[in-house]
1. To the nearest 0.05, what FRET efficiency results for T175 and E271 with a Förster distance of 22 Å applied to their C-beta separation?
2. Quick one: if the Förster radius is 35 Å, what FRET efficiency do V120 and N54 give, using the C-beta to C-beta distance and rounding to 0.05?
3. Taking amide H atoms as placed 1.01 Å from N in the peptide plane, list the residues 5 or more away in sequence, or in a different chain, whose amide H sits under 5 Å from that of K267.
4. Straight-line reach from K221: which aspartates and glutamates have a Cα under 16 Å away, not including same-chain ones fewer than 8 places off?
5. Treating the beta-carbon of each Lys and Arg as +1 and of each Asp and Glu as -1, no other charges, what is the dipole magnitude of the chain about its Cα centre, to the nearest 20 debye?
6. In terms of Cα to Cα distance under 16 Å, which aspartates and glutamates are near enough to K73, apart from those fewer than 8 places away along the same chain?
7. Would you pull out the residues with amide H under 5 Å of S319's amide H, same chain only if 5 or more places away, H placed 1.01 Å from N?
8. Given points 7 Å out from each Cα along the Cα-Cβ axis, report the Q229 to T246 separation in nanometres with one decimal.
Amino acid sequence: MKIALRTGAVASAAALTFVLAACSPSNEETPESSDAPTTGTESEAPEAMSLSGNLQGAGASSQESAMDAWRAKFQESNPEVTVGYDPVGSGGGIEQFLSGAVPFAGSDGLLDDAEYAGAVERCDGDGGAYHLPMYISPVAVIFNVEGVTSLNLDAATIAQIFNGDITTWDDEAITSQNEGVELPGDTITVAHRSDSSGTSENFTDYLEQASDGAWAHEASKEFPETSAQRVGFDGTSALVEGVTATPGSIGYADASRAGSLGTVAIKVGEEYVPFSPEAAANIVTASPLAENANGENDLAYSIDRTTTDSSAYPLTLVSYHIVCSQYDDETERALVTGFEKYVASSEGQAVSAEAAGSAPLSADLSAQITAILDEIAAG
């Protein structure tokens, strides 16, 4: 079995060598599907194909724990395949995908219009690229205050903290929502991502939509300039380590990485809702596809951050694998689609749930993704 270590460098797609010892799987019929994830899956893992070669991806660091588990399990069934993944962040992964350096990217954010246009040029044919949701996870607001493990905060207060309008932990806006919790007068240090990050895009999208104007910035992969006492970190791991090492700090990260840090229950309607895989799945169920999605095979969601349904956690990221609608040769297509079918299967989703606490795709959504993968062509 070949287990690839993550590396900072990725091979050019044109230079990758792939060997296909058997034909790709046939286009089997799949059940009629909906695009709303729930928490259960019934789809089976695809049968192992006789594949060999080197498949490289790059992108969202939020997926790192899940990707490590997916790679290892896929390689157990396909011992002649080596899968690598460089967790450079969503922006870096999209950049490498559009340049042709990798055949798929992981991203917590969606392609913008210019990137969609670039994908048409990068991918053979006119179909461009598709977003396939593979990893649904809450984003946790994490903090380091001695003796405090949980806080209740509404979106406006979180926005004011990260904008620098609230600067100490004993500010009335915080204490009024946390009666009985002793909070110090220490200065708050804001920890944010310094790289181009889909987690930042999801976090700032939540603040823009849900804070009633307290956050004046647009959603973006780049955390904006604010007046807060703040420090930037490159990647999820570095940010979590930074909050852990900095008393009085607050940040945001994929919930699977929160560890022993304090976490925030965010206000939804009249209740404060802690993060959970179930609540993350519920917000995706209630959300529509994005208006600029690239046709029916592009499963890009527009998450409703303003819901008042307290069974849902609106600070949730849907992390995608971005793939071409067509590849330039059959062997590359077979490696990409074979791996992605495993990731979307019930087995693959169970693996990521165990490794990273993600919410599994529904059986219908898994079947829909498989059907899309079956339609991906080789030039």
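No value in this document is a laboratory result; all are computed from the given coordinates. These numbers were taken from a predicted model, which means no experiment stands behind them. Virtual Cβ from ideal backbone geometry, glycine too; neighbours counted across all protein chains shown.
1. That pair, T175 with E271, gives E of 0.70.
2. Computed FRET efficiency for V120 and N54 comes out at 0.85.
3. Amide H to amide H, under 5 Å and 5 or more residues apart or across chains, K267 pairs with L153, D154, A155, V273.
4. Within the straight-line cut-off, K221 pairs with E95, D108, D112, D113, E115, D195, E201, D205, E208, D234, D254.
5. It works out to roughly 1020 debye.
6. Within the straight-line cut-off, K73 pairs with E44, E47, E64, E340, E347, E354.
7. M134, Y135, I136, S137
8. For the pair Q229/T246, the computed spacing is 1.0 nm.
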